Amino acid sequence: MSGISQTDDPAGRGFGLDARMADAAWLVGAGAVLLLQAALILGHEHFVDEWQALQIAVQSPDLVALLANLHYEGHPPLWHLVLRCLSALVGPHHALPVASLLFGLATQCLILFRSPFPRWARLAIALSEPILFEYGTVSRSYTLGVMLTFAALAAWDRKRLVWLPLALLPTVEFFFGLISAALILARFGEKRIWRPGLACWVVLGLAAAWTVIPAADFVSAYDVAQDPLRRAVIWLLNLSVLAFPFQWDHGPHWNSPAPLPMFLTLWLPFLYLCFDQTRGRLPDRMSLLVFMLVFFIFFVFFYNLGIRQLMLVSVLLVALQWRHSARGEGLRWPFKIWILLGAGCGLATAAVNFAMPFNRDSRALAVIRERGLEGEHWVSVPAQHGQGISAMSGILFEGPENGCMSDFVRWNFARTVRSSPQLTRWTETALQQDGRFYLLSEVPLETGADAVLLAHIPGGYDGAQYYLYEVGPGHVEERGARPRCVPGMRPMPPAAR
């Protein structure tokens, strides 16, 4: 039959279609991915970590203060500097979505139009849950880091240009520094090292390391004083999500492995996938192994890394394969199945986020405004639970452990109020000492507490729920003025209603 291809084009253009029809179908598919990505970004409601970075970027009066604030964060400065510049250009409350549009769509374009994979595989990778949602929709430094990773691969054959994204990666996050090291190791293997570029990477890496040295009074927000064996099991559960990247806990719940028996063992096929796709490539296999080992050590002994961070292992696996596919090496069948499963999970996650908001800060703020309580004294449990409300409205919150007023949180205090009994005891003591106040909490007060529940707002996809109370109705408010937790910061301009 005229115009019908009998074999599949290596570039993915065949499938029995006329070449022009295949090209048109490909452009429609790629355009649909970009539209889907933009729709997810524009409909996304930000959560506390996104607000924290924006608030530090905007509220720090100068770069010296910004760098000082980062010593409580553990994050290098590039993302905050980008948000600071975007805030000056488009306004603080447009900076996060604009950053995601810039970098998320750039990542998609690099995958769709510059990667060496067959077209069907490009679509599958672009639609995968980590790329489409974790690093394309949620506006965090990972969005920038993933874009720089793929930009380095797209510029791989450019002797000098490739070193710009490679050198910038350590200034995004520590784990992107490791990804850049793995890519530089690959360039060593290819004998393609440009010494000025390597020197720039070393200098920027050392500068980034200095910015994340913890302040003397830094206190981690996470409690890792648990049985290491138990934490190792949890880490394996999280690793299982990389094999089947859909997050579910008795309903859609971000950053949670599904409570199903298969998630006890899915980490095994993922490890096999990594082993299988790197056959004959010992440096790549060792890079993946070391990367996962670093994550394991961090999680078990130091820091409660989430699934969204662990998914960078998937990014590294795709990045390593990118180089070999560019040389004509094919994808093995476990890798093909994996990216197709990832695409299905990405589309399912997109559907969830169109059906329900990611976060419900805006609804909690609406309740406060409907009741005319913007000028009251508010306490937030945990201390960072009200950050989105502060960013949108300028309302300040007292933290139960620090006794000062904040919009963003400086991590220089230990969390002691985590459960309903602890919260109830704290409110009883606070009521006796300082009289009536209002409470925004992630956990409810126990029955019998001297408080009136004003509203309960169930969690969005991120799982953060909101209980709003008037504590001590009928009591007189006797609380004196509380100092600012971080003095000298600029106020965050409220968002337009």
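Quick notes on this structure:
- Phi angles across the range 204-214 convert, under the Karplus curve 6.51 cos²θ - 1.76 cosθ + 1.60 with θ = phi - 60°, into 3J(HN,Hα) values of 5, x, 5, 5, 4, 4, 5, 5, 9, 5, x Hz, Gly and Pro given as x.
- Fraction of antiparallel bridges per DSSP, the range 361-471 only, in percent to nearest 5: 70 percent
- Couplings 3J(HN,Hα) for the range 456-461, derived from phi with the Karplus relation 6.51 cos²θ - 1.76 cosθ + 1.60 (θ = phi - 60°), are 10, 10, x, x, x, 5 Hz, where x marks Gly and Pro.
- Options 61, 373, 77, ranked by Cα towards positive dipole end of the chain, top entry (Cβ charges): 77
- The range 143-203, dipole about Cα centre (Lys/Arg Cβ +1, Asp/Glu Cβ -1), debye to the nearest 20: 320 debye
- Relative to the longest principal axis of the Cα atoms of the chain, the long axis of helix 333-355 makes an angle of roughly 40 degrees.
- Each Lys and Arg contributes +1 and each Asp and Glu -1, all at the Cβ; summed about the Cα centre of the range 361-471, the dipole is approximately 160 debye.
- Taking the C-alpha atoms only, the angle from helix 361-370 to the longest principal axis of the chain is near 30 degrees.
- Working note: Karplus 6.51/-1.76/1.60 with θ = phi - 60° gives the range 410-419 the couplings 9, 7, 10, 8, 8, 6, 10, 10, 10, 10 Hz, where Gly and Pro are set to x.
- With Cα atoms, 0 to 90° folded angle of helix 141-154 axis to the chain main axis: 10 degrees
- Amide H contacts of residue 379 (H built 1.01 Å from N, in plane; Pro and chain starts excluded): 398, 438, 439, 440 sit under 5 Å, all sequence-distant by 5 or more or on other chains.
- Rounded to the nearest 20, the size of the Cβ-charge dipole of the range 19-355 about its Cα centre is 1500 debye, with Lys and Arg at +1 and Asp and Glu at -1.
- Signed unit charges on C-beta, dipole axis of the chain, positive-most listed residue 107, 265, 211: 107
- Farthest toward the positive end of the dipole of the range 19-355, out of 320, 170, 236, is the Cα of 320, where the dipole comes from beta carbon charges about the Cα centre.
- Low-density loop positions, chymotrypsin sites (Phe, Trp or Tyr not before Pro), the range 399-438 - DSSP coil, at most 13 other Cβ in 10 Å: none
- CD proxy at 222 nm, helix term only [per DSSP H run n ≥ 4: -39500 (n - 2.57); per residue of the chain; nearest 500]: -17000 deg cm²/dmol
- Virtual spin-label span in nm between residue 374 and residue 418, 7 Å along Cα→Cβ: 3.6 nm
- Length released on extending from residue 195 to residue 260, taking residue separation times 0.36 nm less the Cα-Cα span: 18.4 nm
- Taking amide H atoms as placed 1.01 Å from N in the peptide plane, the amide H of residue 405 lies under 5 Å from those of 484, 485, each 5 or more residues away in sequence or on another chain.
No value in this document is a laboratory result; all are computed from the given coordinates. Keep in mind the model is a prediction, meaning the values are calculated, not measured. Glycine also receives a Cβ, built like all others from the backbone with ideal geometry; neighbour counts cover every protein chain displayed.
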